[in-house]
Amino acid sequence: MTTRTRTLSTAHEEHEAFALLDDAIAALSAIAYGNDTDQNTVPVDAVLIVRVQRDDDDGDRTGHVAVYPRVGAQPASTRALIEKAGKLLDQATADGDAGDDQPRPAGPGGWTPTPTPAAPPMA
């Protein structure tokens, strides 16, 4: 993976940041699917969801969620992708996969996604 350098232009920084996101998506897809899928299979839609938190002047924590859809993603496909991810996390939780140390069946390419434990509620 190529390391990109930071520049002064905000538009250029945004372009570079999304290029890094695309590099990460391609790398994770290659790890997840390896040689087990059709050569024409490529990741199309993607969204990075980040919980941002800070302490205010009184020491209280405040936060919000930032959503970074892949460049060119349409709002409807981004929403559908987030809904599908939520269902996968719900299923993993219902199956007892969240937070346990039991072996999980391998997904495509032998890779098994592991849900991230839920963050504590924001104030």
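Just a few scattered comments:
- Any chance Thr7 is modelled with pLDDT under 85, in a loop (DSSP other than H, G, I, E, B), surrounded by 11 or more Cβ atoms within 10 Å (Cβ to Cβ) and outside the structural domain of Gln74 (by TED's automatic domain parsing): yes
- Among the residues listed as Thr41, Thr2, Thr37, the single one being of a type in the set (S, T, N, Q), modelled with pLDDT under 90 and loosely packed, with under 11 Cβ neighbours inside 10 Å: Thr2
- Matching residues in the stretch 63-74 - criterion: being over 18 Å from Glu14 (Cβ atoms) and surrounded by fewer than 12 Cβ atoms within 10 Å (Cβ to Cβ): His64, Val65, Gln74
- Meets criteria (small (Gly, Ala, Ser), out of contact with any strand residue (DSSP E or B) (no Cβ under 7 Å at 6 or more places or on another chain) and at pLDDT 85 or above) for Ala80: yes
- For the stretch 39-59, the set of residues classified as assigned to a strand (DSSP E or B), more than 20 Å from Ala73 (Cα to Cα) and free of Cβ contacts under 8 Å to residues at least 60 places away in the same chain consists of Val52, Arg54, Asp55, listed by residue number.
The values are calculated or read from the model by the stated rules, or taken from the named source; none is laboratory data. Since the model is a prediction, treat every value here as computed from it, not as a measurement. All Cβ positions, even for glycine, are placed from backbone atoms using ideal geometry, and neighbour counts span all protein chains on display.
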